[in-house]
Amino acid sequence: MNKLNDKNSNTDPEYGLDSSYPSNAEQETEATLLMESRLKRMKSLSKDNIIRTKLVQLKLKMEDYLKEPLYDMENHFTDFLKTYVDTIYTSRRKFAQDINITPIRLSQIINNHREPKDEFILKLMIHSEKVYSSICDFQKKIWYQVYFHEKICDTMSNQDKWRPGLEKDVKLSEPLK
């Protein structure tokens, strides 16, 4: 193997640096300088750029969530909703006003005390379509997809709870031959 290929195969993804340094101290110094440079650049970003970046990151997380079934106890829809609202607004009350619902209803949805109604998801869809229009391509159906994907995953992962009670009510009077 030539030296160039060997050097490229020894990269440390955590630091994003070439790990073929003569000593760990030199690598640590380079990593520290890189991190300081990144922090300096992040501090120079405007508030709008930070919001835009967080919104793109949220979109990508939602898309990743839809690609894989996750059978866990987390409520991904409300986690995504919290991130969305808290990224754009300084107060959740303002978001509730903008989509014409009560702050209490929004709080109940965010805290998993109430399921969102279709009207809420439709308003959320329209709101996010407007927000993302100047940022990136955003599939307006993604909120519905996340919500129902979570419901399907919850249903399938909790079969041991609901299936025994319902299975006794289901018969097959004419089996296929």
Check the stretch 46-64 and report whether any residue there is surrounded by 12 or more Cβ atoms within 10 Å (Cβ to Cβ), polar (S, T, N, Q) and within 30 Å of residue 153 (Cβ to Cβ). yes
Name the residue that is farthest from residue 65 (Cα to Cα), counting only residues in the stretch 153-177 that are touching a residue at least 60 places away in the same chain (Cβ under 8 Å) and among the hydrophobic types (A, V, I, L, M, F, W, C). 156
Looking at the stretch 87-105, is at least one residue touching a helix residue (DSSP H, G or I) at 6+ places or on another chain (Cβ under 6 Å), under 30 Å from residue 159 (Cβ atoms) and at pLDDT 90 or above? no
Condition (residue is aromatic (Phe, Trp, Tyr), assigned to a helix (DSSP H, G or I) and at pLDDT below 85) applied to the stretch 162-171: is it met by at least one residue? yes
Verdict on residue 71 being farther than 30 Å from residue 144 by Cβ, touching a helix residue (DSSP H, G or I) at 6+ places or on another chain (Cβ under 7 Å) and at pLDDT below 80: no
Could you please let me know if residue 162 is among the aromatic types (Phe, Trp, Tyr) and under 19 Å from residue 61 (Cβ atoms)? no
Of (1) without any contact (Cβ under 8 Å) to a residue 60 or more places away in the chain; (2) under 19 Å from the mean Cα position of the chain (by Cα); (3) surrounded by 10 or more Cβ atoms within 10 Å (Cβ to Cβ), residue 137 fails just (3)
Just to be sure I understand the filter: pairs with C-beta atoms under 6 Å, separated by 6 or more residues or on different chains, first member in the stretch 97-108 and assigned by TED's automatic domain parsing to the domain that holds residue 121 and surrounded by 14 or more Cβ atoms within 10 Å (Cβ to Cβ), second member outside any helix (DSSP H, G or I) and among the charged types (D, E, K, R). Which pairs pass? 108/114
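The values are calculated or read from the model by the stated rules, or taken from the named source; none is laboratory data. Predicted, not measured: the structure shown is a model, and the values here were computed from it. Cβ: placed from backbone, ideal geometry, glycine included. Neighbour counts: every protein chain shown.
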